[in-house]
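Asker: Here you go, one structure.
The values are calculated or read from the model by the stated rules, or taken from the named source; none is laboratory data. Given the structure is predicted, the values throughout are model-derived calculations rather than measurements. All Cβ positions, glycine included, derive from the backbone under ideal geometry; neighbour counts span all protein chains shown.
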Amino acid sequence: MKTSDYVKAILSELSEHSLATQDEQTEKLVSSILNARKVFVAGAGRSGLMGKAFAMRLTHIGIKAYVIGETNTPAFTKEDLFIVGSGSGRTETLLVLVKKAKAIGGRVATFTLSAESPIADLSDEVILLSGAPKDQHEGKHHTIQPMGSLFEQSLLLMYDAVVLRLMEMKELDTHNMYGHHANLE
């Protein structure tokens, strides 16, 4: 196949899997973000990179958002929201963070492929994404893409859709975002 054929195949997979998104759960998440004092985001590997992009956009629309593990991350409190991206819902390093956030008394929202996982079990909100797990021998969904790419791409699309919904609710457009955009570039 040519590269353009792969792009078409990836877009087809994303289109197919994005239709399974749960609007009720994402609306709850949007409300939770608006009600939180601060929002913290984490994920491992490429899911973590998607989380960083999400935290950046949240900051651009005026929400205090932080990436767990960065040097400028403040203390998490019971008034805060922790958003986790984990396809398996079993990533040990993220599970430790979720347990700590719950012990502090804050809320946890998780984007995952598995509603029956340790992280999902501890979460206040679970947003199920449709997609294939990293291990293609597990699950009913398959992809032409390697490892967790379909989940990670779906995660970024969902994060961007949540930002658009927040912008709508806050009556913002792209021009409003520049006041929070980095200007020392």
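Asker: Here are some residues: HIS60, HIS142. Which one is crowded, with 18+ Cβ neighbours inside 10 Å and not small (Gly, Ala, Ser)?
Answerer: Step by step, each of HIS60, HIS142 is checked, and only HIS60 is crowded, with 18+ Cβ neighbours inside 10 Å and not small (Gly, Ala, Ser).
Asker: Right, next: Taking the stated definitions as given, is LYS170 modelled with pLDDT under 85, out of contact with any strand residue (DSSP E or B) (no Cβ under 8 Å at 6 or more places or on another chain) and farther than 17 Å from VAL67 by Cβ?
Answerer: no
Asker: Here's a follow-up. Return the residue satisfying two criteria in turn: it lies in region 62-85 and is part of a loop (DSSP other than H, G, I, E, B) and touching a Phe, Trp or Tyr at 6+ places or on another chain (Cβ under 9 Å), and of such residues it is modelled with the lowest pLDDT.
Answerer: Restricting attention to region 62-85, the residues satisfying the condition of being part of a loop (DSSP other than H, G, I, E, B) are 62-64, 68-80.
Going one step further and asking which of them are touching a Phe, Trp or Tyr at 6+ places or on another chain (Cβ under 9 Å), we end up with 68, 72-74, 76, 80.
Details: ILE68: 96, ASN72: 92, THR73: 95, PRO74: 96, PHE76: 97, ASP80: 98.
So, considering only residues that are part of a loop (DSSP other than H, G, I, E, B) and touching a Phe, Trp or Tyr at 6+ places or on another chain (Cβ under 9 Å), the one modelled with the lowest pLDDT is ASN72.
Asker: Does ALA55 satisfy the criteria of being part of a helix (DSSP H, G or I), at pLDDT 95 or above and either surrounded by 13 or more Cβ atoms within 10 Å (Cβ to Cβ) or touching a Phe, Trp or Tyr at 6+ places or on another chain (Cβ under 8 Å) (or both)?
Answerer: It is true that ALA55 is part of a helix (DSSP H, G or I), at pLDDT 95 or above and either surrounded by 13 or more Cβ atoms within 10 Å (Cβ to Cβ) or touching a Phe, Trp or Tyr at 6+ places or on another chain (Cβ under 8 Å) (or both).
Asker: Separate question: Please verify whether SER47 is loosely packed, with under 15 Cβ neighbours inside 10 Å and either within 20 Å of PHE151 (Cβ to Cβ) or of a type outside the set (Asp, Glu) (or both), treating the condition exactly as stated. Can you show your working first?
Answerer: Numbers: loosely packed, with under 15 Cβ neighbours inside 10 Å: no; either within 20 Å of PHE151 (Cβ to Cβ) or of a type outside the set (Asp, Glu) (or both): yes.
When the stated conditions are applied, SER47 does not pass them.
Asker: Looking for whichever is part of a helix (DSSP H, G or I) and without any contact (Cβ under 8 Å) to a residue 60 or more places away in the chain here; the options are SER12, SER47, SER32. Which one fits?
Answerer: Exactly one residue qualifies, and that residue is SER12.
Here's the yes/no breakdown for (1) more than 15 Å from LEU58 (Cβ to Cβ); (2) outside any loop (DSSP other than H, G, I, E, B); (3) at pLDDT below 95; (4) under 20 Å from the mean Cα position of the chain (by Cα):
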| site | (1), (2), (3), (4) |
| --- | --- |
| GLY87 | yes, no, yes, yes |
| LEU95 | yes, yes, no, yes |
| SER130 | yes, no, yes, yes |
| GLY139 | yes, no, yes, no |
| MET147 | yes, no, yes, yes |
| HIS181 | no, no, yes, no |
| GLU185 | yes, no, yes, no |
